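Notes to accompany the following structure.
The values are calculated or read from the model by the stated rules, or taken from the named source; none is laboratory data. Because the structure is predicted, anything quoted here is derived from the model rather than measured. Neighbour counts run over all protein chains shown; Cβ positions are idealised from the backbone, glycine included.
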Amino acid sequence: MTRRRHLGPGTALRGALDQLTAPPAPTARQQEWLLNSALQDVVEESRTLVEACAQRVAAWEEQVLSADCDELREIAAEARREGRSPVDAVDTAVRTALGDLVRWEAELAGLAAALVERSAQVGLVGLHPDAVDAGRGLDERLEWARVQLLRAVAEYHHGSAGHQRRMPRPW
């Protein structure tokens, strides 16, 4: 039996966005009968959808990025002062941040579906390049937040030895 490896959140959305662009050109192909005004409407609506999505995920992004190593240490210290388990307190904080990442991923999946639906309604083949770039940018922010959270957890548990770069590198 062949087992499929889970791609992880974000990877599936990036793959979907890549498939939605019209091959071989990275731009959406405009049907000859499609008026430029209709294309401009799609571009404006796409921009509005992306901006609304970015505003919705901003709070999750801030919360996940605020859960750095120092914040986790502070949560543990506060729990100790209050007589609670520091392990449980840090675990709850990390699980909350992971839940925010899941909600963020779902929001991006909804954005991708809305962009595709709107483009298809007017007869575009693929997404407009601005929508693709914006979607990828939001997806990269999600991945960055995920990496920062994992880094914070690793630093909290194992320290930051070797993490800090003392000398700039020539590249």
Practice prompt. Quickly run through the stretch 55-94 and pick out the residues that are in contact (Cβ under 8 Å) with a residue 60 or more places away in the chain and β-branched (V, I, T).
Written response: V57, V64, V90
Worksheet item: Of these, A79, A134, A106, which one is closer than 30 Å to Q40 by Cα and touching an Asp or Glu at 6+ places or on another chain (Cβ under 9 Å)?
Response: A134
Worksheet item: Checking R146 against (1) among the basic types (K, R); (2) under 30 Å from Q40 (Cα atoms); (3) buried (at least 16 other Cβ atoms within 10 Å of the Cβ); (4) at pLDDT 90 or above, which test does it fail?
Response: (2)
Worksheet item: Within the stretch 137-157, restricting attention to residues that are of a type outside the set (A, V, I, L, M, F, W, C) and over 11 Å from the mean Cα position of the chain (by Cα), which residue is nearest to R73 (Cα to Cα)?
Response: Y156
Response to the item:
Conditions (1) part of a helix (DSSP H, G or I); (2) at pLDDT below 90; (3) surrounded by fewer than 18 Cβ atoms within 10 Å (Cβ to Cβ) -> V87 fails only (2)
Worksheet item: Which pairs have Cβ atoms under 6 Å, sit 6 or more apart or on different chains, and link a residue in the stretch 140-156 that is over 17 Å from L108 (Cβ atoms) to one that is outside any helix (DSSP H, G or I)?
Response: A152/A67; A152/D68
